[in-house]
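A short reminder: the numbers here are calculations on the coordinates, not readings from a lab. Quick caveat, the model's predicted, so the values are computed rather than measured. Glycine gets a Cβ as well: all are built from the backbone with ideal geometry, and neighbour counts include every protein chain shown.
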Amino acid sequence: MPIQAAEFFAELCLPFHDHTVVGNTYFAAPVPGAPLRLRIDFAGTIHADTYGGLRVAVVHPDRGETDAVVLSFLDHGTFHRRDEATDRRPNTKHYATFDKYHLPGRPPWDGAVTTGLRDAIEKYTTVWFPGAWTARRQGRAIDRTVHRAPGAPVANAARGR
């Protein structure tokens, strides 16, 4: 059974306009016209067809892979809720992982919370692709803006006013 990579990466909601999923790999050009590309694969574990995180790599078309990092599902709390609800134990095959086998009609990563992974990918890619996340940050700032009702001016005691 396939792991439905395209659906997983769609749930990550990465903001890159120029992207595609080939097989189980996500490719993106975070900065249009720049030579560097982003590649995200599922990071395997010691168990066959079991994935414990994402491997995020920066790739240059002529020089190959420039840098890479593995973002584990455990470190980013991706399956914390699922594992707590199903009473999965740490240091077992299925703790903080998913595999290609799943219930019909449900994705293999059912129960995943991808916010931590998306934030980690954002931090990583801002180093290599400055400006790629600007629109997302602006949207986040607008969403969290606190508007206060105008009030009477407050005197500043330090200045004697």
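At 0.36 nm per residue, and after removing the present C-alpha to C-alpha distance, how many nm does the segment from THR25 to ALA6 gain when stretched out fully?
Length gained between THR25 and ALA6: 6.0 nm.
To the nearest 20 debye, what is the magnitude of the charge dipole of segment 5-143 about its Cα centre, counting +1 on the Cβ of each Lys and Arg and -1 on the Cβ of each Asp and Glu?
100 debye
Sorted from largest to smallest, which semi-axis lengths in Å does the alpha carbon gyration tensor of segment 5-143 give for its equivalent ellipsoid, taking the root of 5 times each eigenvalue?
Equivalent ellipsoid of segment 5-143: 27, 18, 13 Å, largest first.
In nm, to one decimal, how far is the modelled label at GLU84 from the one at CYS13, with both set 7 Å along Cα→Cβ?
Placing both labels 7 Å along Cα→Cβ, they lie 2.1 nm apart.
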